[in-house]
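Read through the structure below, which is laid out as structure tokens, and then see the notes.
The values are calculated or read from the model by the stated rules, or taken from the named source; none is laboratory data. Computed from a predicted model, the values in this text were never measured in an experiment. Note that we place each Cβ from the backbone using ideal geometry, even for glycine, and neighbour counts take in every protein chain shown.
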Amino acid sequence: MKALQYCSQIDRSSLLTLSAEVWNDLKRKNASEGIEVAYRKGQYAQSKVKVADSELLLTDSYEKAKTNLKEYFNSYPVWKNWVDRTIRESSKNQNYSIIIDKYSRKCLVYHAD
């Protein structure tokens with residue numbers, strides 16, 4: 001049994017999929033914007049505040065992303081069993097099976113040779 005083709009391929013430029021909450025935080029706060037500009041203008045206190053805000057935002061985003069990944073992969077053993085069973089049954093019955101790998105952002109079609 002082998003994968004025949006990809007059903008579709010989604011942009012994989014990001015290895016880590018962040019939740020909408022994290023992306024919204026990044027867009028809303030965008031604390032790093034203007035740090036260099038403020039620094040070049042001699043606004044050192046404002047630059048320092050923006051650097052501190054950026055650090056908090058990055059730490060918060062990292063923690064949220066880490067939590068999302070942990071939650072996502074907690075179910076991996078169950079998903080792996082489902083995939084293996086689906087491919088076995090598909091091979092046994094000479095049918096096609098479709099496997100969606102969300103993490104790799106792939107859709108695979110399997111069929112017995």
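Can you run down the residue pairs with Cβ atoms below 8 Å, 6 or more apart or on separate chains, where the first is in the stretch 57-73 and more than 24 Å from ARG105 (Cβ to Cβ) and the partner is in a helix (DSSP H, G or I)? The qualifying pairs are LEU57/ASP25; LEU57/LEU26; LEU57/LYS29; ASP60/ASP25.
If you scan the stretch 64-90, which residues turn out to be surrounded by 13 or more Cβ atoms within 10 Å (Cβ to Cβ) and of a type in the set (Gly, Ala, Ser)? Within the stretch 64-90, ALA65, SER90 qualify. Restricting to the stretch 21-49, name every residue that is of a type in the set (D, E, K, R), part of a helix (DSSP H, G or I) and either modelled with pLDDT under 80 or closer than 24 Å to ARG105 by Cα (or both). Within the stretch 21-49, GLU21, ASP25, LYS27, ARG28, LYS29, GLU36 qualify. Within the stretch 8-20, is even one residue over 30 Å from THR86 (Cα atoms), out of contact with any strand residue (DSSP E or B) (no Cβ under 8 Å at 6 or more places or on another chain) and modelled with pLDDT under 80? Scanning the stretch 8-20, I find at least one residue that is over 30 Å from THR86 (Cα atoms), out of contact with any strand residue (DSSP E or B) (no Cβ under 8 Å at 6 or more places or on another chain) and modelled with pLDDT under 80, so the answer is yes. Residues that are in contact (Cβ under 8 Å) with a residue 12 or more places away in the chain and of a type in the set (A, V, I, L, M) within the stretch 75-92 comprise VAL83, ILE87, listed in sequence order.
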